[in-house]
Amino acid sequence: MAHRAKAQISDTHCPRFNPLPREKLEAMGAAALSDAEVLALLLRTGTPGRPVVAFAADILSAVGGLHGLLTATPEMLRAIKGLGPAKQSEIAAVSEIAKRALAERLRAKPVLQDLSDVRQYLTLKLGHKTAEVFAVLFLNSQHHLLAMDELFQGTLTQATVYPREVAVAALRHHAAAVILAHNHPSGHLEPSAADIRLTETLTQALLLVDVRVLDHLIVTQNDVYSMAAHGLI
């Protein structure tokens, strides 16, 4: 009896009471996994002396969580010890899948129906960039996404934007409306006086070719500011 009791106690230390991510997924579903366990499934192996779940937790800590992982630059991924080229490529592929999936949603319904998808899409596309990028989302008459172009790149503080080139791009895409967007690498969310003047200039220029400016969004790593929502358009 004593021997059986001892065996029963030791059973609580069996690996089945601490399942690996794949076993946990099969038993409880993906929603039951922690962020580190989800990433561990992608990584498959850890590093010498560091199990895969612990390694995944280290990566998430280094990049600022799952959102940081999706927006991490190649330089950031290369800087993580133990994360080789193959795993870097897999993470980059997952990030691209997320961006393309959001783009599909924007093409399937009017973007103004739910701006949360637009915000997520732009955060993934622009939020991590270290220099200012000015982009335009080109929309059809039903406000479905036709394309997004990154038209201009600048320094950390300013991008030079030419209204004529924006108008030409709108005509090339046969757009009926546009949403303007640019990132603030500083993390400051409020529009500058220059941002407001630029929006007014582009709005007037695009009206000449019968294209409406619906919004101008300012993107940081963690948030998106809508000029239309604040009465600036």
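All of the numbers you see were taken from the coordinates with simple rules; none came from a lab. Please read these numbers as outputs of a predicted model, since none were measured by experiment. All Cβ positions, even for glycine, are placed from backbone atoms using ideal geometry, and neighbour counts span all protein chains on display.
Which helices count as membrane-span-like in the chain under these terms: full DSSP H, at least 15 Å along the axis by C-alpha, Kyte-Doolittle mean of 1.6 or more?
Span-like helices, by this rule, are 52-63.
Under the Kirkwood approximation for Rh and a Cα-based Rg, what ratio Rg/Rh is obtained for the stretch 110-226?
Rg/Rh: 0.93.
What's the magnitude of the charge dipole for the chain around its Cα centre, counting Lys and Arg as +1 and Asp and Glu as -1 at the beta-carbon? Answer in Debye, nearest 20.
About 800 debye.
Taking R0 as 41 Å, what's the FRET efficiency between residue 172 and residue 193 from their Cβ-Cβ distance, rounded to 0.05?
Given R0 = 41 Å and the Cβ-Cβ separation, E is 0.85.
For the cross-link pairs 24/109; 99/129; 81/129, which exceed 25 Å when the distance is taken from alpha carbon to alpha carbon?
Table pairs above 25 Å Cα-Cα are 24/109.
How high is the relative contact order of the stretch 110-226, in percent, with contacts defined as C-alpha pairs under 8 Å that are six or more residues apart?
Over the stretch 110-226, the number comes to 30 percent.
Looking at the stretch 33-143, I'd like the Rg to Rh ratio, where Rg is from alpha-carbon atoms and Rh is Kirkwood's inverse mean 1/r.
Reported Rg/Rh (Cα atoms, Kirkwood Rh): 1.05.
Given a Förster distance of 45 angstrom, what is the FRET efficiency for residue 90 paired with residue 201, based on the Cβ-Cβ distance and rounded to 0.05?
So, using R0 = 45 Å, E works out to roughly 0.55.
Just in the stretch 55-94: which trypsin sites (Lys or Arg not before Pro) are loop by DSSP and have at most 15 other Cβ atoms within 10 Å?
When the trypsin sites (Lys or Arg not before Pro) of the stretch 55-94 are filtered for loop state and at most 15 Cβ neighbours within 10 Å, 81 remain.
Under 10 °C and 1.306 mPa s, how fast does the chain diffuse according to Stokes-Einstein, given a Kirkwood radius computed over C-alpha pairs? Answer in µm²/s, whole number.
Rounded, D is 78 µm²/s.
What net charge do the residues around residue 150 carry, taking every other residue with its C-beta under 14 Å from that of residue 150, with Lys and Arg at +1 and Asp and Glu at -1?
Net charge in that neighbourhood comes out at 0.
Take residue 147, project a point 7 Å from its Cα along the Cβ direction, then tell me which residues of the stretch 178-196 have their backbone nitrogen under 18 Å from it.
178-181, by backbone N distance to the label point.
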